[in-house]
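Notes follow once the structure below has been shown.
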Ligand SMILES: Cc1cc2nc3c(=O)[nH]c(=O)nc-3n(C[C@H](O)[C@H](O)[C@H](O)COP(=O)(O)OP(=O)(O)OC[C@H]3O[C@@H](n4cnc5c(N)ncnc54)[C@H](O)[C@@H]3O)c2cc1C
């Protein structure tokens, strides 16, 4: 939509230039959909355009991967094909396309919207939030006067469309550590409709072949991460979910009732536990691809062979 309250578009990445009535402009898919009046009590008057930031979209090193806030979904999708990854056995890369594909986006949104825009919009169904939280990503946040701070993505998102950014702060990048990329991963997602937003998205990771890290997103208003020293039994996992996620933390909107999201969280968590308990290679990365509610045979996940 037209943002006819905008008086200026300023090309900058300097938080010192931010003033009341400004918004950082990344891909613009939210800003130009929601309009000037959706971001506070007063309409927006300036857009601070990150389009000329010139930040390298993805930087690969032995430490892991640095995703610039301005990296688009299309660029992120190409990451697993990067020649710089050859020789690295980072199973966590299997999550990149699974999460991008959870973004049921049009061609325009796919090519314009950014990693940073997805995190800063902070929707429960933010698929890049799921990816970065599930791989222990850490956000680098810039403030005025050269200030910067680092926040785990699981803490960056504080609720439904809320995050820890102070007015004017700029998300610069997300670092995904090699230690998390090296873990074996499992992925499950459900949506109420075939091309709908995620209602439940869970990522499991087995660090060092033994320690389970389970990240619950989309079902809950903010990411919830559970860490286990080993691989729990089914009842231990369910008890840990009981403790970690109070009823009111399950999200409630048109994409799923809280009771459904809760039931599916327990079901998918158990599927992930069972998958990671089985010997490696027994199954590929499972994608729950049968999204429709059914009355016939149970809707189960579609298991894709590795590399499919
Ligand atoms: C058809 C359609 C489908 C969509 N489906 C989904 C979906 O399934 N899941 C989902 O989560 N979203 C969805 N969205 C919403 C949106 O497209 C995404 O969240 C997208 O990732 C936003 O990125 P952007 O770069 O376009 O953000 P922008 O529109 O540029 O910005 C969004 C917000 O983030 C702020 N911002 C952007 N970058 C930064 C930064 N680096 N630092 C600080 N603040 C920043 C902006 O000021 C603004 O408030 C959809 C939108 C459309 C139009």
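Structure data summary
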item	result
Failed criterion for residue 198 (all others in (1) out of contact with any helix residue (DSSP H, G or I) (no Cβ under 7 Å at 6 or more places or on another chain); (2) within 16 Å of residue 261 (Cα to Cα) hold)	(1)
All positions within region 130-158 that are on the phi > 0 side of the Ramachandran plot, over 13 Å from the mean Cα position of the chain (by Cα) and in contact (Cβ under 8 Å) with a residue 12 or more places away in the chain	145
Residue 68 being within 13 Å of the ligand (Cβ to nearest atom), surrounded by 19 or more Cβ atoms within 10 Å (Cβ to Cβ) and not assigned by TED's automatic domain parsing to the domain that holds residue 276	yes
Matching option when the condition is within 11 Å of the ligand (Cβ to nearest atom), in contact with a strand residue (DSSP E or B) (Cβ under 6 Å, 6 or more places away or on another chain), modelled with pLDDT of 95 or more and more than 24 Å from residue 49 (Cβ to Cβ), among 91, 191, 130	130
Boolean, residue 83 is in contact with a strand residue (DSSP E or B) (Cβ under 8 Å, 6 or more places away or on another chain) and either away from the ligand (no atom under 11 Å from the Cβ) or modelled with pLDDT of 95 or more (or both)	no
Residue match in region 104-123 (condition: surrounded by fewer than 20 Cβ atoms within 10 Å (Cβ to Cβ), under 18 Å from residue 198 (Cα atoms) and more than 8 Å from the ligand (Cβ to nearest atom))	yes
Residue check, residue 167 outside the structural domain of residue 15 (by TED's automatic domain parsing), surrounded by fewer than 21 Cβ atoms within 10 Å (Cβ to Cβ) and more than 16 Å from the ligand (Cβ to nearest atom)	no
Unique match (being over 23 Å from the mean Cα position of the chain (by Cα) and either closer than 18 Å to residue 171 by Cβ or at pLDDT 95 or above (or both)) among 9, 30	9
Qualifying residues in region 47-65 (those that are touching a helix residue (DSSP H, G or I) at 6+ places or on another chain (Cβ under 9 Å) and within 12 Å of the ligand (Cβ to nearest atom)) - the one farthest from residue 178 (Cα to Cα)	47
Matching residues, region 2-43, being over 16 Å from residue 165 (Cβ atoms) and in contact with a helix residue (DSSP H, G or I) (Cβ under 6 Å, 6 or more places away or on another chain)	3, 5, 11, 27, 29, 43
Flag if residue 149 is part of a loop (DSSP other than H, G, I, E, B), out of contact with any helix residue (DSSP H, G or I) (no Cβ under 7 Å at 6 or more places or on another chain) and more than 8 Å from the ligand (Cβ to nearest atom)	no
Test: residue 38 is free of Cβ contacts under 8 Å to residues at least 60 places away in the same chain and not assigned by TED's automatic domain parsing to the domain that holds residue 280	yes
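The values are calculated or read from the model by the stated rules, or taken from the named source; none is laboratory data. Fair warning: this is a prediction, and the values are worked out from it, not measured in the lab. FYI the Cβ positions are ideal-geometry reconstructions off the backbone, even for glycines, and counts take in every protein chain you see.
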